[in-house]
1. When LEU43 is evaluated against the numbered criteria (1) on the phi > 0 side of the Ramachandran plot; (2) of a type outside the set (S, T, N, Q); (3) open to solvent by less than 60 Å² (accessible area, probe 1.4 Å), which criterion, by number, is the only one it fails?
2. GLY28: open to solvent by less than 50 Å² (accessible area, probe 1.4 Å) and within 13 Å of the chain's Cα centre (by Cα), yes or no?
3. Which condition number does TRP70 fail, the rest of (1) under 16 Å from LEU54 (Cα atoms); (2) surrounded by fewer than 16 Cβ atoms within 10 Å (Cβ to Cβ) being met?
4. Name the one entry in GLY45, GLY74 that is outside any loop (DSSP other than H, G, I, E, B) and of a type in the set (Gly, Ala, Ser).
5. Out of region 1-18, which residues are touching an Asp or Glu at 6+ places or on another chain (Cβ under 9 Å) and under 24 Å from HIS86 (Cα atoms)?
6. Say whether the condition of being assigned to a loop (DSSP other than H, G, I, E, B), β-branched (Val, Ile, Thr) and closer than 15 Å to VAL10 by Cα is met by at least one residue in region 54-63.
Amino acid sequence: MTHEGHILVVDDEEDIRLLIDEILSEEGYRIHTAADAKAANVLYGRENPDLVLLDIWMPETDGISLLRQWLDDGDLACPVVIMSGHGTVETAIDAIRLGAVDYIEKPLSLSNLLKTVEKALHRKIPVSYTHLRA
């Protein structure tokens with residue numbers, strides 16, 4: 001099955017980036033990967049992804065801070081799904097309150113990843129979360 005959609009994967013773990021790239025590329029998605037927030041910002045601005053899969057725990061700038069930056073700059077132009085192997089329910093709730101559309105736990109389940117990506121891509125225009133940031 002071939003899917004349309006351009007996905008930016010942001011994770012400091014190379015194995016995770018490669019695994020997600022391989023899985024989603026085989027499904028027909030176009031994938032770009034970034035190892036940190038700086039590279040993610042460059043690719044996000046240049047590639048205009050349809051979806052971002054964003055790790056929470058990264059060195060220097062974590063995923064929550066990056067998501068907050070995109071929101072504060074008015075740059076959140078696509079759905080964001082947060083990923084974490086160390087997250088808590090509170091972290092997931094915080095991410096969704098900030099603007100993430102979903103949360104995936106690591107280690108990744110193939111079926112859960114595909115289902116979450118497909119669901120998130122159907123949300124072409126992200127919900128406005130400005131009322132939650134007060």
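1. (1)
2. Numbers: open to solvent by less than 50 Å² (accessible area, probe 1.4 Å): yes; within 13 Å of the chain's Cα centre (by Cα): no.
Spelling it out, it is not the case that GLY28 is open to solvent by less than 50 Å² (accessible area, probe 1.4 Å) and within 13 Å of the chain's Cα centre (by Cα).
3. If we test TRP70 against (1) under 16 Å from LEU54 (Cα atoms); (2) surrounded by fewer than 16 Cβ atoms within 10 Å (Cβ to Cβ), just (2) comes out false.
4. Working: GLY74 fails: outside any loop (DSSP other than H, G, I, E, B).
When all the criteria are applied, what remains is GLY45.
5. Of the residues in region 1-18, the ones touching an Asp or Glu at 6+ places or on another chain (Cβ under 9 Å) are 1-13, 16-17.
The answer is ILE7, LEU8, VAL9, VAL10, ASP11, ASP12, GLU13, ILE16, ARG17.
6. So in region 54-63, the residues assigned to a loop (DSSP other than H, G, I, E, B) come out as 56-62.
If we keep only those that are β-branched (Val, Ile, Thr) as well, we get 56, 61.
With the extra rule that they be closer than 15 Å to VAL10 by Cα, the set shrinks to 56, 61.
Checked region 54-63: at least one residue is assigned to a loop (DSSP other than H, G, I, E, B), β-branched (Val, Ile, Thr) and closer than 15 Å to VAL10 by Cα.
Each row is one residue, and each column tells you yes or no for (1) of a type in the set (Lys, Arg); (2) surrounded by 14 or more Cβ atoms within 10 Å (Cβ to Cβ); (3) at pLDDT below 85.
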| position | (1), (2), (3) |
| --- | --- |
| PRO79 | no, yes, no |
| THR91 | no, yes, yes |
| ILE96 | no, yes, no |
| ALA100 | no, yes, no |
| TYR103 | no, yes, no |
| LEU108 | no, yes, no |
| LEU113 | no, yes, no |
| HIS122 | no, no, no |
| ILE125 | no, no, yes |
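The values are calculated or read from the model by the stated rules, or taken from the named source; none is laboratory data. Note that the coordinates shown come from a computational prediction; the quantities given were computed from them, not determined experimentally. All Cβ positions, glycine included, derive from the backbone under ideal geometry; neighbour counts span all protein chains shown. Note: accessible area is taken over every heavy atom of the protein model, side chains too, but ligands, DNA and RNA are not part of it. Shrake-Rupley method; radii C 1.70, N 1.55, O 1.52, S 1.80 Å.
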